[in-house]
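Each remark here refers to the structure printed beneath this line.
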Amino acid sequence: MSTLRFKTTINCGGCIKAVTPGLNQEVGANNWQVDTANADKILTVNSPTAIAAQVVKAVQDAGFEIQALVA
């Protein structure tokens with residue numbers, strides 16, 4: 001299982017609702033979460049098949065900024 005982390009501008013429940021269809025399609029439901037309490041709004045993806053570029057595209061397509069974090 002690989003874990004990918006990203007800094008985003010996803011900052012509320014409405015924002016999460018907007019990215020849910022794209023992220024669920026790319027990495028599967030229950031394989032991602034956004035920590036909106038964190039100042040950097042960290043998106044964590046846990047999936048054996050997750051590809052960073054696909055996650056970035058799904059979030060950007062929903063209208064949000066995203067930047068990969070280096071482990």
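The values are calculated or read from the model by the stated rules, or taken from the named source; none is laboratory data. Model, not experiment: these values are computed from the prediction. In this analysis, Cβ positions are derived from the backbone assuming ideal geometry, glycine residues included, and neighbour counts consider all displayed protein chains. The accessibility values were calculated without ligands, DNA or RNA, using every heavy atom of the protein model including side chains. Shrake-Rupley method; radii C 1.70, N 1.55, O 1.52, S 1.80 Å.
Some notes on this structure:
- HN-Hα J in Hz across the range 8-17 - Karplus 6.51, -1.76, 1.60, θ = phi - 60°, x for Gly and Pro: 9, 10, 7, 10, 7, x, x, 5, 4, 4
- For the range 31-48, putting each phi into the Karplus relation 6.51 cos²θ - 1.76 cosθ + 1.60 with θ = phi - 60° gives couplings of 9, 8, 7, 10, 8, 6, 6, 6, 4, 8, 6, 6, 9, 10, 10, 10, 7, x Hz, in residue order, rounded to whole numbers and with x for Gly and Pro.
- Backbone amide hydrogens, once placed in the peptide plane, bring residue 65 within less than 5 Å of 9, excluding anything fewer than 5 places away on its chain.
- Here the spin labels are modelled as points 7 Å beyond Cα on the Cα-Cβ line, and at residue 12 and residue 35 they lie 2.2 nm apart.
- Computed over the chain: relative contact order in percent, which uses C-alpha pairs under 8 Å that are six or more apart: 48 percent
- Heavy-atom accessible surface of the chain: percent carbon and sulfur, 1.4 Å: 50 percent
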